[in-house]
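The values are calculated or read from the model by the stated rules, or taken from the named source; none is laboratory data. As the structure is a computational prediction, the values presented were derived from the model and not from experiment. Neighbour counts are summed over all protein chains in view; Cβ atoms, including those assigned to glycine, are modelled from backbone coordinates with ideal geometry. Heads up: the accessible areas ignore ligands, DNA and RNA and are worked out on the full protein's heavy atoms, side chains in. Shrake-Rupley method; radii C 1.70, N 1.55, O 1.52, S 1.80 Å.
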Amino acid sequence: MSPKALKSISIAAISAAMAFTLSGCSAGDTTAETPAQAAETSVADGDMLRGQTLALTCSGCHAGAGDAIPDYYALDRATLEVRLLTYKTEEDGTTVMHRLMRGYGEADIAAVAAYLTAPGEG
Amino acid sequence: MTWSPKRRDVLAGLAGTAALPLLASPAIAKAQPKVVIVGGGFGGAATARFVKTYLPGASVTLIEPQACYTACPFSNLVIAGLRSLEAQQFGYEGLKAIGINVIGDRADDVDPAARTVTLGSGDTVSYDKLILSPGIDIRWGALEGYDESAASVMPHAWKAGPQTSLLRQQLEAMSDGGTVIMSVPTAPYRCPPGPYERASLIAHYLKTQKPASRLIILDAKDEFSKGPLFLEAWAEHYPDHLEWIGASDFGRVISVDPGAMALSTDFDTYEADVANVIPPQKAGEIAARVGVADQTGWCPIDPVDFSSTLQPNIYVIGDATIAAPMPKSAFSANLQAKLCALQIARELNGETPAPTILANTCYSYVTPDGAVSITGVYSNEGGQLSSIEGSGGLSPANPAPGVRAAEAAEAEAWFQQITQQTFG
């Protein structure tokens, strides 16, 4: 496994991203910064494979589609993960993403976020 | 940002990252498997592109008789005069550009034992893996009176192309005060909410261009996809131009007479000025000839990799499959294509494909600038696809201002993305 894929996130990063997500910004905003990383969590090969498989669904709509559907490539891992978790847990959410993310467990959401934001452009 | 095969969602692993680490192994590079795909729609074209990307050393051949594909999603806008047919058409240059061999011929037959496909020209193409994405064909005669010649009078327009244009021309030629009748079959059929999107947009056309006219939907069902949302929209926008008659009210059409422009139910006979007969369907013709379709006319598959349960080394994806509750949609076909390509790549690499989670999203226009959506999330564990409880569902009823317009904008963005990803 490439060390580059061992992208780290921290509790601080999640907190920052959560505040960002819940502050009412539009889904198209992509400017959240990940703070310095503290408690590192790495991603196992198996999770990356799982993330790769799960992420096939995402690319049916995302990337290159214009303003109405955001491009996840522009997000960092913590921001993406928290945004997806927020969709999953917001009980009164009615968007397509709310309805979709309720079908995914937290480990799968983490795997997708890790996979989609891993370095590795060809 | 522009999708390209260089993006990490297809190239990760091959590009030296950890995402699919073993695929870059020399064994695969030398193996040069022969992968053949039949059918160049949302399923087949995407399969070709993703197999070529996951396995650059593979020989990838797409067999498709049409020089360009005419997409069904958004074709209801063409019927309503809101979009050109050209905007629905996609060529295969994007596939050829990444080294896919595109054969402009039809696949006549397959010999699963010899692993060869026979073309219309009589030539054969051999394969290690064959993916069939044949879409649907009409079950001519399953609805009494509806044969191929009837379709030139009462178009189905359920395969986009000349049929789409024919229905559009008939609506344009109809005098104001006319009656349009649409017949809808029982499931399974391609695009479950498609008839009702079409009805919405035809009703819009009548309301704005031929206000003394109306549309009657004769339905073989009592409930239908996105039903509550369509019924809400119809009551709001088209109360004088659209009437839906379900099975319980004798809406099921049992025979048609193209000479008399008549459609008969158990209870009544309706005369139409324009008749859009959406007939019973089956997997594309080649599926039965190859032996991958069962007695239902559709193709049973292993949902983990979409391999046929009836023939070895053959995979079936898209509308032709038995994949319920996953619907027969372009989104589903495109996702099944990508999953099939990835699992084939992993299998050729000696790995065992594992179950995953799949999803579908379909948008339907209810007005020219408003859409509704349905989503589903599915597990493919245990040999079958099943909906994951508590997930998926419809757009909200009685929405806040802007919700329908926002989903219409999403629909347009989705169409742009999925066609770009599929055709390049």
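General observations
- Sole exception among (1) under 28 Å from residue B:329 (Cβ atoms); (2) surrounded by fewer than 22 Cβ atoms within 10 Å (Cβ to Cβ); (3) modelled with pLDDT under 95; (4) not aromatic (Phe, Trp, Tyr) for residue A:49, by number: (2)
- Filter result (small (Gly, Ala, Ser) and open to solvent by 20 Å² or more (accessible area, probe 1.4 Å)) within the stretch B:298-334: B:307, B:324
- Residue check, residue B:287 crowded, with 23+ Cβ neighbours inside 10 Å, within 14 Å of another protein chain (Cβ to nearest Cβ) and within 18 Å of the chain's Cα centre (by Cα): no
- Test set (1) away from chain A (no Cβ under 14 Å); (2) in contact with a helix residue (DSSP H, G or I) (Cβ under 8 Å, 6 or more places away or on another chain) - residue B:312 fails condition number: (2)
- Counted residues, the stretch A:85-112 - those being crowded, with 23+ Cβ neighbours inside 10 Å, more than 7 Å from every other protein chain (Cβ to nearest Cβ) and free of Cβ contacts under 8 Å to residues at least 60 places away in the same chain: 1
- Residues that are at the interface with chain A (Cβ under 8 Å from one of its Cβ atoms) and of a type outside the set (Asp, Glu), drawn from the stretch B:404-424: B:406, B:409, B:413, B:414, B:416, B:417, B:418, B:420, B:421
- Some residue of the stretch A:65-81 being modelled with pLDDT of 95 or more and more than 14 Å from the chain's Cα centre (by Cα): no
- Selection of first residues in the stretch B:277-305 that are in contact (Cβ under 8 Å) with a residue 24 or more places away in the chain and of second residues that are open to solvent by 20 Å² or more (accessible area, probe 1.4 Å) and part of a helix (DSSP H, G or I), restricted to Cβ pairs under 8 Å at least 6 apart or on distinct chains, gives the following pairs, ordered by first then second residue: B:282/B:288; B:297/B:288; B:302/B:383; B:303/B:383; B:305/B:347.
- Annotation for the stretch A:30-44: at least one member residue is modelled with pLDDT of 70 or more and either surrounded by 15 or more Cβ atoms within 10 Å (Cβ to Cβ) or in contact with a helix residue (DSSP H, G or I) (Cβ under 8 Å, 6 or more places away or on another chain) (or both).
- Any hit, the stretch B:19-30, residues being modelled with pLDDT of 95 or more and more than 19 Å from residue A:58 (Cα to Cα): no
- In the stretch B:341-356 there is no residue that is farther than 22 Å from residue B:47 by Cα and more than 10 Å from chain A (Cβ to nearest Cβ).
- Residue satisfying all of: in the stretch B:373-393; aliphatic (A, V, I, L, M) and within 8 Å of chain A (Cβ to nearest Cβ); nearest to residue A:68 (Cα to Cα) among these: B:377
- Qualifying positions in the stretch B:141-170 - touching a residue at least 40 places away in the same chain (Cβ under 8 Å) and of a type in the set (A, V, I, L, M, F, W, C): B:142, B:143, B:150, B:151, B:153, B:154, B:157, B:158, B:160, B:167
- The stretch B:211-245, residues that are part of a loop (DSSP other than H, G, I, E, B), of a type outside the set (D, E, K, R) and within 24 Å of the chain's Cα centre (by Cα): B:220, B:224, B:225
- Top-ranked residue in the stretch B:355-374 [being open to solvent by 10 Å² or more (accessible area, probe 1.4 Å) and among the β-branched types (Val, Ile, Thr); ranked as nearest to the chain's Cα centre (by Cα)]: B:374
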